[in-house]
1. Pull up the stretch 115-148, narrow it to residues that are charged (D, E, K, R) and touching a helix residue (DSSP H, G or I) at 6+ places or on another chain (Cβ under 8 Å), then point me to the one that is surrounded by the most Cβ atoms within 10 Å (Cβ to Cβ).
2. Go through the stretch 275-294 and give me each residue that's of a type outside the set (Phe, Trp, Tyr), surrounded by 16 or more Cβ atoms within 10 Å (Cβ to Cβ) and assigned to a helix (DSSP H, G or I).
3. Name every residue in the stretch 71-130 that is under 15 Å from the mean Cα position of the chain (by Cα) and among the aromatic types (Phe, Trp, Tyr), in order of residue number.
4. Taking the options Arg57, Arg34, Arg100, name whichever one is closer than 21 Å to Arg293 by Cβ, at pLDDT 95 or above, of a type in the set (Lys, Arg) and in a loop (DSSP other than H, G, I, E, B).
5. Out of the residues in the stretch 160-194 that are part of a helix (DSSP H, G or I) and touching a strand residue (DSSP E or B) at 6+ places or on another chain (Cβ under 7 Å), which is farthest from Ala150 (Cα to Cα)?
6. Any idea which of (1) modelled with pLDDT of 95 or more; (2) in a loop (DSSP other than H, G, I, E, B); (3) buried (at least 20 other Cβ atoms within 10 Å of the Cβ) is the one Ala79 doesn't satisfy?
7. Return the pairs, sorted by first residue and then second, in which the second residue is buried (at least 23 other Cβ atoms within 10 Å of the Cβ) and not in a loop (DSSP other than H, G, I, E, B), the first residue lies in the stretch 212-228 and is among the polar types (S, T, N, Q) and modelled with pLDDT of 95 or more, the beta carbons are less than 9 Å apart, and the residues are 6+ apart or on different chains.
8. Looking at the structure I just gave you, is Gly237 in contact with a strand residue (DSSP E or B) (Cβ under 7 Å, 6 or more places away or on another chain) and buried (at least 16 other Cβ atoms within 10 Å of the Cβ)?
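The values are calculated or read from the model by the stated rules, or taken from the named source; none is laboratory data. Keep in mind that this is a model prediction, so the values were computed, not measured. Using ideal geometry, Cβ is built from the backbone for each residue, glycine included, and neighbour counts are taken over all protein chains shown.
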Amino acid sequence: MSPPRSATVVVLHSHSGDTGRPPTEPLEDLAELRYTTDKDLVSALPGAEVVLVWDFRSQALADAWSAADSLRWVHASSAGVNHVLSTPLVESDVVVTNSRGVFDAPMSEYVLALVLAMAKDIPGTVRLQGARRWQHRETERLGGAHALVAGTGPIGRAIGRTLTAAGLTVTGVGRQARDNDPDLGTVLPMDRLIEGVSDADYVVLAAPLTDATRHMIDAAALAAMKPTARLVNVGRGPLVAQDDLVEALTAGRIAGAALDVFADEPLPEASPLWAMENVIVSPHMSGDVVGWRSELVALFHDNLTRYLDGRPLRNVVDKQHGYVREGTS
């Protein structure tokens, strides 16, 4: 693409909350910024070359696609891009980039915290403290436990390194099988997922949401897990068939789960997951450490500078498969 002299950038955000209007002051000298939410996206798109999808829950771009008459580049302020990859976009020449790299270390730390919390029964301790009950229990060691990490991108790799440092044996599941991976040890292909989960004490989901990974943890996978195993999901909610998980937890077929993402967010008040003592529910916050919004804007600022200079962009996504092309980060 030839370098433009300036750019018009649509910033798609929500009305409030974590995905409300971002701290985009560093961008104001580089481009005309049009701030919009889902309902006004159609009127904001004409003439815009770039869309910054700040609201990772928004799927409005697909419905507004016919108004994107000048669009050349879409950037997702998230690692996952399933919410922007509509068929018209995938089939177009529009480049898609993501925010790969911002969340790796925070999410790996969060996964370790969840694994430790379950092994040491921290939720039980907090409940007993609230009831003023002194109840001695024995807890579990992490050393020697086995974690299966589904997802071999930067987040999955960071999780693998962190869990290995904590004493766990780590294996992976990904698109391609390989041995002696530096971060994940043996990596199994997706068609051997059942084999992988059957040997794991902790099954950690950090895979992108694609047709191949949707409901990768279903009744069959849960039935293959050990009754002492726990599931951790920091990827995307639909990686898990949630009704199957509730049934398995209720029946005691697995020991517990720590869930940071859900098929419907916020998690509905009526969900039985809220009341399960063997479940940790958190509100999609595993990567959100102090300063994360500024880091996301800084990454986009760098890419916007590259775009205006006509240089290659960072984190270009393979739109057919939903992951970053190697050599673009």
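1. Pass one, the stretch 115-148, residues charged (D, E, K, R): 120-121, 127, 132-133, 137-138, 140-141.
From the residues that got through so far, the ones that are touching a helix residue (DSSP H, G or I) at 6+ places or on another chain (Cβ under 8 Å) too are 137, 140-141.
Numbers: Arg137: 9, Glu140: 16, Arg141: 10.
Here the residue is Glu140.
2. Residue satisfying the conditions is Arg293 alone.
3. The answer is Phe103, Tyr110.
4. Working: Arg57 fails: at pLDDT 95 or above; Arg34 fails: in a loop (DSSP other than H, G, I, E, B).
Every option except Arg100 fails the conditions.
5. Thr164
6. (1)
7. Thr213/Ala150; Thr213/Leu205; Thr213/Leu239
8. It is false that Gly237 is in contact with a strand residue (DSSP E or B) (Cβ under 7 Å, 6 or more places away or on another chain) and buried (at least 16 other Cβ atoms within 10 Å of the Cβ).
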